[in-house]
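What follows is a set of notes on a single structure, which appears directly below.
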Amino acid sequence: MSALFSGRIHRFGDEVNTDVILPGRYLALRKPEELGKHCMEGLDPDFIHRVRPGDILAVGRNFGCGSSREHAVIALKAAGVAAIVAVSAARIFFRNAVNLGLPVLLCAEAAGALREGEDAAIDLDAMAITQGDRFWQAAPLGEEVRAILAAGGLVPRVRQALAAAA
């Protein structure tokens with residue numbers, strides 16, 4: 001995963017539940033691209049028609065609350081979401097996102113100020129978020145979380161560690 005990227009901002013509010021990120025009726029689908037077609041359908045049925053690869057979500061408090069399904073993260077990634085800037089995220093959602101290589105940056109100021117429909121940039125190495133001439137500093141991530149994200153997720157990170165140990 002690149003440490004530098006940019007994309008268009010899509011805004012969602014507080015308490016966005018995994019059941020609206022990916023409604024339960026789609027849990028039997030196995031292919032990420034099929035899950036992605038239904039991303040945010042429970043909250044904004046037109047989202048999938050607006051989102052483009054590399055886009056960024058700016059969200060409120062407790063994003064990803066509800067059930068601990070990894071499917072929600074898989075659907076977001078398959079729809080093209082490259083990162084999430086949040087006031088806060090549900091702990092299990094945050095960890096599922098890390099494990100699947102989707103960065104969640106915690107920065108209440110940026111999450112509240114990023115302008116919908118405009119491009120923003122993220123530098124994961126610096127944990128910096130910019131939009132135009134505005135700059136925000138996200139909360140730091142631990143060294144191993146950063147390594148997992150840099151590898152593209154937990155499985156690739158474990159493969160790296162095993163190869164290095166061999």
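Considering only region 139-166, state which residues are of a type in the set (A, V, I, L, M, F, W, C) and in contact with a helix residue (DSSP H, G or I) (Cβ under 7 Å, 6 or more places away or on another chain). Before the answer, list the steps.
Taking region 139-166 as the starting set, the residues that turn out to be of a type in the set (A, V, I, L, M, F, W, C) are 139, 141, 145, 147-151, 154-155, 158, 161-166.
Those that are of a type in the set (A, V, I, L, M, F, W, C) and in contact with a helix residue (DSSP H, G or I) (Cβ under 7 Å, 6 or more places away or on another chain): Val145, Ala147, Ile148, Leu149, Ala151, Leu154.
Assess whether Glu15 counts as being at positive phi and among the acidic types (Asp, Glu).
Working: at positive phi: yes; among the acidic types (Asp, Glu): yes.
Taking the combined requirement at face value, the residue satisfies it.
Does region 130-158 hold any residues that are more than 21 Å from Val73 (Cα to Cα) and either aliphatic (A, V, I, L, M) or assigned to a helix (DSSP H, G or I) (or both), and which are they?
Glu143
Considering only residues that are open to solvent by 40 Å² or more (accessible area, probe 1.4 Å) and either within 29 Å of Arg115 (Cβ to Cβ) or aliphatic (A, V, I, L, M) (or both), which ones fall in region 21-31?
Answer for region 21-31, where residues must be open to solvent by 40 Å² or more (accessible area, probe 1.4 Å) and either within 29 Å of Arg115 (Cβ to Cβ) or aliphatic (A, V, I, L, M) (or both): Leu27, Ala28, Leu29.
For a quick check of your reading: which strands (runs of 3 or more DSSP E) sit entirely within region 1-94 and have at least 1 residues that are touching a His at 6+ places or on another chain (Cβ under 7 Å) and under 23 Å from Gly142 (Cβ atoms)? Give the derivation first.
Values: elements: 4-11, 55-59, 81-86.
It comes to 55-59.
Looking at region 1-34, which of the residues that are among the aromatic types (Phe, Trp, Tyr) and closer than 21 Å to Asn99 by Cβ is modelled with the highest pLDDT? Working first, answer last.
Within region 1-34, the subset among the aromatic types (Phe, Trp, Tyr) is 5, 12, 26.
Checking which are closer than 21 Å to Asn99 by Cβ leaves us with 5, 26.
Numbers: Phe5: 88, Tyr26: 94.
Filtering region 1-34 for residues that are among the aromatic types (Phe, Trp, Tyr) and closer than 21 Å to Asn99 by Cβ, the one modelled with the highest pLDDT comes out as Tyr26.
Listed residues Ala79, Ala83; which is surrounded by 22 or more Cβ atoms within 10 Å (Cβ to Cβ) and more than 10 Å from the chain's Cα centre (by Cα)? If you could, list the steps in order and put the result at the bottom.
Details: Ala83 fails: more than 10 Å from the chain's Cα centre (by Cα).
After ruling out the rest, the residue left standing is Ala79.
Residues Arg95, Arg69, Arg146: which one is within 22 Å of Cys39 (Cα to Cα) and open to solvent by 60 Å² or more (accessible area, probe 1.4 Å)? I'd like the intermediate steps shown before the answer.
Numbers: Arg69 fails: open to solvent by 60 Å² or more (accessible area, probe 1.4 Å); Arg146 fails: within 22 Å of Cys39 (Cα to Cα).
Sole residue among the options that is within 22 Å of Cys39 (Cα to Cα) and open to solvent by 60 Å² or more (accessible area, probe 1.4 Å): Arg95.
The values are calculated or read from the model by the stated rules, or taken from the named source; none is laboratory data. Predicted, not measured: the structure shown is a model, and the values here were computed from it. Positions of Cβ are generated from backbone atoms using ideal geometry, with glycine treated the same way; all protein chains shown enter the neighbour counts. Note: areas computed on protein heavy atoms with side chains; ligands, DNA, RNA excluded. Shrake-Rupley method; radii C 1.70, N 1.55, O 1.52, S 1.80 Å.
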